[in-house]
Amino acid sequence: LPLVGEDGRMACTIVPPLFPELTDEQKEQLAIFPEVSDEDHVKGPEDAMITLIEYTDFFCPYCGMAFQEFEKLMEKYPDEIRLVYRPLPLDSLHPTAPIAAQAAEAAGLQGKFWEMYSAIFSNQETLAPMTAEELKEDLKTKAEELELDVDQFVKDMESQELIDKIANAAKAMFDSGINSTPTVLANGRPLGDWRGNYISNIIEVMKAEKDMITECPEFVIDQSKTYTATITTKDGEMVLELYDDIAPLAVNSFVFLARRGFYDGISFHRVYHTFMAQTGDPTGTGWSGAGYQYREEISPDLTFDEPYMV
């Protein structure tokens, strides 16, 4: 197989970004989720790297966990995350959840949506078991603490307009087959994992993509020569012999990147005692790389059957 392409560069394929342009088929499938609009409650910069849309229930325990995760994320990445709230109260499981959603909307009419959102989620365990009347009284107290016009707040919270708004939004999702909370989208795509560490990895990879290589490397090694690499760590140096005669693509890629300083300061992101250690990812997540891939070079004469083989 050739080592170089028609352009004289090393044979490789460019890795697409984490969030490539949606295909027409994907757009059609995701059309059940409306675009972010002025109708939504939004927190974070409009030009944020990642937009999280959450369909949530104030009294769903997992939604409470997601609230805590998103709070930490937005503190860690204030310029990279935009959070969009959408109500999906599961009244069959949490009968008073629609009232909580109405309270948040009513506070929003006075410019305090996110303050009420936080107040409800932060007291979820106390509020969730309450009867409807007990909950309304407690929410009135919270409205007073937030310095809202309490009479107007109560009027709005109990208005048929808000009741219908939340009920209709939930019904639209139920009719589309979305009936679990939290349902979270990242840049328009459903996420299977909304935990902070997972989303942090997404952000770190997206940040790294700005500096990724967008074309295959030059073929920089001379196969008539012998190459070694010295890896400096906090525990000392490792000197490696590079088999450019057997794995020229791997060696060329390593030499090319090392000369660019790609590996400088990178951590060993995954270490398993007596098994292996992995490095080479600038994000430290194990999710990323240089921006290209090349075919594996397998030799029956080289196997991982002894120590010090990498």
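When segment 27-67 is limited to residues that are part of a helix (DSSP H, G or I) and without any contact (Cβ under 8 Å) to a residue 40 or more places away in the chain, the one that is surrounded by the most Cβ atoms within 10 Å (Cβ to Cβ) turns out to be MET65.
Quick one: in segment 87-118, of everything that is open to solvent by 20 Å² or more (accessible area, probe 1.4 Å) and among the small types (Gly, Ala, Ser), which residue is farthest from PHE174 (Cα to Cα)? Among those residues, the one meeting the criterion is GLY111. In this structure, does ASP245 turn out to be part of a loop (DSSP other than H, G, I, E, B), without any contact (Cβ under 8 Å) to a residue 12 or more places away in the chain and acidic (Asp, Glu)? Here the answer is no, as ASP245 does not meet what is asked.
For segment 262-291, the candidate set comprises residues that are aromatic (Phe, Trp, Tyr) and touching a helix residue (DSSP H, G or I) at 6+ places or on another chain (Cβ under 8 Å); within that set, the residue that is nearest to ARG9 (Cα to Cα) is TYR263. Only a single criterion out of (1) at pLDDT below 95; (2) open to solvent by less than 20 Å² (accessible area, probe 1.4 Å) is not satisfied by LEU135, namely (1). Of the residues making up segment 188-211, at least one is surrounded by 17 or more Cβ atoms within 10 Å (Cβ to Cβ), closer than 27 Å to PHE113 by Cα and of a type in the set (Val, Ile, Thr). Picking from residues in segment 268-310 that are part of a loop (DSSP other than H, G, I, E, B) and among the aromatic types (Phe, Trp, Tyr), the one that is nearest to ALA229 (Cα to Cα) is TYR308. Based on this model, can you work out whether LYS171 counts as under 18 Å from ALA97 (Cβ atoms), open to solvent by 80 Å² or more (accessible area, probe 1.4 Å) and not polar (S, T, N, Q)? Here the answer is yes, as LYS171 does meet what is asked. Considered as a group, the residues in segment 119-132 that are open to solvent by less than 50 Å² (accessible area, probe 1.4 Å) and in a loop (DSSP other than H, G, I, E, B) include one that is farthest from LYS43 (Cα to Cα), and that residue is MET130. Residues of segment 1-48 that are of a type in the set (Lys, Arg) and out of contact with any helix residue (DSSP H, G or I) (no Cβ under 6 Å at 6 or more places or on another chain): ARG9, LYS27. Among the residues making up segment 138-179, those that are outside any helix (DSSP H, G or I) and at pLDDT 95 or above are LEU146, GLU147, LEU148, ASP149, GLU158, SER159. Of all residues being more than 11 Å from SER253 (Cβ to Cβ) and hydroxyl-bearing (Ser, Thr, Tyr) in segment 275-295, which is surrounded by the most Cβ atoms within 10 Å (Cβ to Cβ)? Just the residue, please. In this case the residue turns out to be SER288. Is one or more of the residues making up segment 68-77 in a loop (DSSP other than H, G, I, E, B) and touching a residue at least 24 places away in the same chain (Cβ under 8 Å)? There is at least one residue in segment 68-77 that is in a loop (DSSP other than H, G, I, E, B) and touching a residue at least 24 places away in the same chain (Cβ under 8 Å).
Each residue in segment 214-246 was checked for being of a type in the set (S, T, N, Q), open to solvent by less than 100 Å² (accessible area, probe 1.4 Å) and closer than 15 Å to ASP264 by Cα, and 2 pass.
Quick one: in segment 212-238, of everything that is in contact (Cβ under 8 Å) with a residue 40 or more places away in the chain and part of a loop (DSSP other than H, G, I, E, B), which residue is farthest from GLY289 (Cα to Cα)?
PHE219
The values are calculated or read from the model by the stated rules, or taken from the named source; none is laboratory data. Note that the structure is predicted; figures quoted are calculated from it, not measured. Here Cβ is always computed from backbone atoms with ideal geometry, including for glycine, and neighbour counts include all displayed protein chains. Please note that ligands, DNA and RNA were not included when accessible areas were found on the heavy atoms of the full protein model with its side chains. Shrake-Rupley method; radii C 1.70, N 1.55, O 1.52, S 1.80 Å.
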